[in-house]
Amino acid sequence: MTSAIDIFARAFNRMHRIDNPPVEGVCDFCSGPISAGDRVATYVNEADLGGYAQPYPGTKLYAHRTYCEECNRHHIIYPHEGTSELLLEATVQKDGTHTDWVLRESSPDDHGEPWDGHRAFGFVFGALFDGLAARAALREWTVGHEDVVDMIRLGGIDLREVFDENGAVIAPEEKQQRIQQQVLDHLTGVGLESHDDAFDRLQDEDRPGAFTCPECGAEAAYWAGVEHDPDCSSGPDDE
């Protein structure tokens, strides 16, 4: 029986096959190079926040982001309740297709927090969403929930500065202005950096913990990874 991943892989490969190999691409997080033979991760979900794209033929899925071997993404950073999400692994071929697909992580639609992608984007970037989504569509790109998450984190911002534990967008106006300035500074500066400089900076300095418990201070790089202190009220129930 053909699996859902097999159906998606065939549709993906039909749309990514190129006539003049070798293929060259860049990572959607660190902008590092992606070449044939690399083992990459691709973030896939059922929603296009931009509203311009159609899912891959024969599926309900959109492939939003691809991460290089150096980033080595293994987790969906901030799952969105209400959207089924997958992180798939595959090997890039010379003709642009991908082979040997496997599942790294999945998040069903009843998992995560019910945060609003459009509102979160507007909180961090101001009134830029529709324009950026339209420009992405012109390049046949899509906008997914993890796109918004990555852009926030690339600005050096802990996601808990933007969301509370129910997924609601928070922070007073003065913090919103500071966050927007941080993102603007990052977007201005990142274009002047080489890949190595940008990756080293994200890895060693500005890559935020993403989630920090306000009660016990436990940190993690992705939503489900926080290991709270035993007496923390935000920790998982033992029952």
Worksheet item: Is it the case that some residue within region 189-208 is at pLDDT 55 or above, assigned to a loop (DSSP other than H, G, I, E, B) and of a type in the set (Asp, Glu)?
Response: no
Worksheet entry | Which listed residue is at pLDDT below 95 and either assigned to a loop (DSSP other than H, G, I, E, B) or open to solvent by 60 Å² or more (accessible area, probe 1.4 Å) (or both), from Ile18, Ile5 | Ile18
Fill in: Looking only at region 48-93, and only at residues there that are open to solvent by less than 60 Å² (accessible area, probe 1.4 Å) and free of Cβ contacts under 8 Å to residues at least 40 places away in the same chain, the one that is nearest to Thr142 (Cα to Cα)
Pro55
Item to complete: Could you please find all residues in region 101-121 being more than 29 Å from Ser35 (Cα to Cα) and free of Cβ contacts under 8 Å to residues at least 40 places away in the same chain?
Response: Pro108, Asp110, His111
Worksheet entry | Subset of region 47-80 [acidic (Asp, Glu) and closer than 22 Å to Val169 by Cα] | Asp48
Worksheet entry | Matching residues, region 21-30, being within 27 Å of Asp130 (Cβ to Cβ) and surrounded by fewer than 18 Cβ atoms within 10 Å (Cβ to Cβ) | Gly25, Val26
Discussion item. If I filter region 39-47 for residues that are open to solvent by 40 Å² or more (accessible area, probe 1.4 Å), over 27 Å from Gly122 (Cα atoms) and of a type in the set (Lys, Arg), do I get at least one hit?
Written reply: yes
Practice prompt. Need at least 2 residues that are among the aromatic types (Phe, Trp, Tyr) and at pLDDT below 95 per element, so show me which helices (runs of 4 or more DSSP H) inside region 72-177 make the cut, counting only ones lying wholly within it.
Written response: 117-125
Practice prompt. Report yes if His98 is open to solvent by 20 Å² or more (accessible area, probe 1.4 Å) and either in contact (Cβ under 8 Å) with a residue 60 or more places away in the chain or out of contact with any helix residue (DSSP H, G or I) (no Cβ under 6 Å at 6 or more places or on another chain) (or both), otherwise no.
Written response: no
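The values are calculated or read from the model by the stated rules, or taken from the named source; none is laboratory data. Worth saying up front: this structure is predicted, and the values here are computed from it rather than measured. FYI the Cβ positions are ideal-geometry reconstructions off the backbone, even for glycines, and counts take in every protein chain you see. Heavy atoms of the whole protein, side chains included, go into the accessibility calculation; ligands, DNA and RNA do not. Shrake-Rupley method; radii C 1.70, N 1.55, O 1.52, S 1.80 Å.
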